[in-house]
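A.B. asks: One structure is given below, represented as structure tokens, and several questions about it will come after.
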Amino acid sequence: MQYDRLTKGIAVVFGVLTAVLTVVGILSSPAVLFLALMFGASTYLMYYHLSGRMAASVYERVEQRAATDGRGARRGDSRGGFGAGPREEWEPPRDGRARRTAERVRQERARRQQARGGRQRTARRRQSVQQSSGPTPAEAYDRLGLDPSADQSTVKQAYRERVKETHPDTDSGSEREFKRVKAAYETLTDD
């Protein structure tokens, strides 16, 4: 989470408020103890979130639900189709190493995208005429990172991977690149 330091600060303030209100509640009024209880619960939830245990428990529940939920399954696939169910590559953060690993993965994806962009720019400079209706098959294979000899199942698999990387809702995604990948896939499947 990008606001870890802020959340830690708020948790510390709530913890101090809990302690002060507990002492004041014991000395003066039980109503103040109720307020201390509310701050204590908030402090605990923030700690639970920051420790990564909340994400881990949510992920485990999603895994269990995906494993047991057979609704919408086709041909024995309990995931329910493309994109349904939890992501296999994600693991809940345990001690900060997962966050650092995720950051390295994002940096590597960004480097790969820049390299692909450079190759695509070079290919565009070499071509004197571009089609206005979409990329040529050669450009489409290049955008998906495939050989021109790739079969339809390989094209589909590469498309799914590139869509996951370039989707605008992801951290490293871009709408322009997402549309380019989609156009490349449409070019290769319409032939």
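None of the figures in this text is laboratory data; all of them are computed from the coordinates on show. It should be emphasised that the depicted structure is a prediction, and the values quoted were computed from it without experimental measurement. Heads up, the Cβs are rebuilt from the backbone with ideal geometry, glycines too, and the neighbour counts pull from every protein chain shown.
A.B. asks: Could you list the chymotrypsin sites (Phe, Trp or Tyr not before Pro) in the range 1-46 that lie in coil according to DSSP, counting only those with at most 15 other Cβ atoms within 10 Å of their Cβ? Walk me through the numbers before you get to the answer.
C.D. replies: Working: sites: Tyr3, Phe14, Phe34, Phe39, Tyr44; in loops: Tyr3.
Answer by residue number: Tyr3.
A.B. asks: Let me ask something else. Amide H to amide H, which residues 5 or more places from Ser51 or on other chains are under 5 Å from it, using H placed in the peptide plane?
C.D. replies: For Ser51, no residues qualify.
A.B. asks: For the range 43-50, in order, what is each residue's ³J(HN,Hα) by Karplus, 6.51 cos²θ - 1.76 cosθ + 1.60 with θ = phi - 60°, in whole Hz (x at glycine and Pro)?
C.D. replies: Per-residue couplings from phi come out as 4, 4, 4, 5, 4, 4, 5, 5 Hz.
A.B. asks: Moving on to the next point. Can you give me the distance in nm between label points at Gln107 and Met38, each placed 7 Å from the Cα along the Cα-to-Cβ direction?
C.D. replies: About 4.4 nm, to one decimal.
A.B. asks: How big is the Cα convex hull of the range 1-68 in projection, averaged over all directions, in nm²? Could the numbers behind the result be given before it?
C.D. replies: Values: hull surface 22.8 nm².
With every direction weighted equally, the projected area is 5.7 nm².
A.B. asks: Show which lysines lie in cross-link reach of Lys182 when reach means a straight Cα distance below 28 angstrom and same-chain residues fewer than eight apart are skipped.
C.D. replies: Cross-link targets: Lys156, Lys164.
A.B. asks: List, in order, the whole-Hz ³J(HN,Hα) value for each residue of the range 27-33 obtained from phi through the Karplus relation with A = 6.51, B = -1.76, C = 1.60 and θ = phi - 60°; use x for Gly and Pro.
C.D. replies: 7, 10, 8, x, 5, 5, 5
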